[in-house]
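Engineer: Structure provided below as structure tokens; questions to follow.
The values are calculated or read from the model by the stated rules, or taken from the named source; none is laboratory data. Just so we're clear, the structure is a prediction, and the values are computed from it rather than from any experiment. Cβ atoms come from the backbone with ideal geometry, glycine included; neighbour counts cover every protein chain shown.
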Amino acid sequence: MNLIAFYMTLSMVVFLLGLHGLLTLTDPLRRLIAVNLMSSGTFLAMVALARRTDPADPVLHALVVTGLVVAISATAFALRLVTASLQFFQTRSMPDASGNNKATNDHRTGDHKDS
């Protein structure tokens, strides 16, 4: 097995591991990590394909660098969305000892409840 086939196989394993995590996990943060694994597998495959010719294909390398920048930005945005949604749903659904909702305000209507 040559080196390119090894890296292509490795990229397929990393991608499938991320796909498995995306389909089986329920925690949003772990699903985000699984999507990042899938993108890492894709980037590894693109770098392996760039090495097919003797001078490496600079277009694929440029696409990988651009993809890394986009993936980091998208991950930061998705991480913020995950944390905001978790905070929103935890404050809306946590009842106190008396059975009342502990939320201090209703985000949909803007009504404020006094505790």
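Engineer: Let me spell it out: the conditions are (1) under 17 Å from the mean Cα position of the chain (by Cα); (2) at pLDDT below 90; (3) closer than 22 Å to Leu10 by Cβ, and Leu86 meets all of them except one. Which number is the exception?
Structural biologist: The failed condition is (3).
Engineer: Step by step: first the residues of the range 18-76, then only those that are in a helix (DSSP H, G or I) and hydroxyl-bearing (Ser, Thr, Tyr), then the one that is nearest to Met8 (Cα to Cα). Which residue is that?
Structural biologist: Looking only at the range 18-76, we keep the residues that are in a helix (DSSP H, G or I), and these are 18-24, 28-50, 58-76.
Then drop every residue that is not hydroxyl-bearing (Ser, Thr, Tyr), which leaves 24, 39-40, 42, 66, 73, 75.
Working: Thr24: 24, Ser39: 14, Ser40: 12, Thr42: 9, Thr66: 20, Ser73: 26, Thr75: 24 Å.
Once the filter is applied, the top-ranked residue is Thr42.
Engineer: Pick from the range 1-56 the residues that are without any contact (Cβ under 8 Å) to a residue 40 or more places away in the chain and of a type in the set (Ser, Thr, Tyr): which of them is farthest from Gln90 (Cα to Cα)?
Structural biologist: Selected residue: Thr53.
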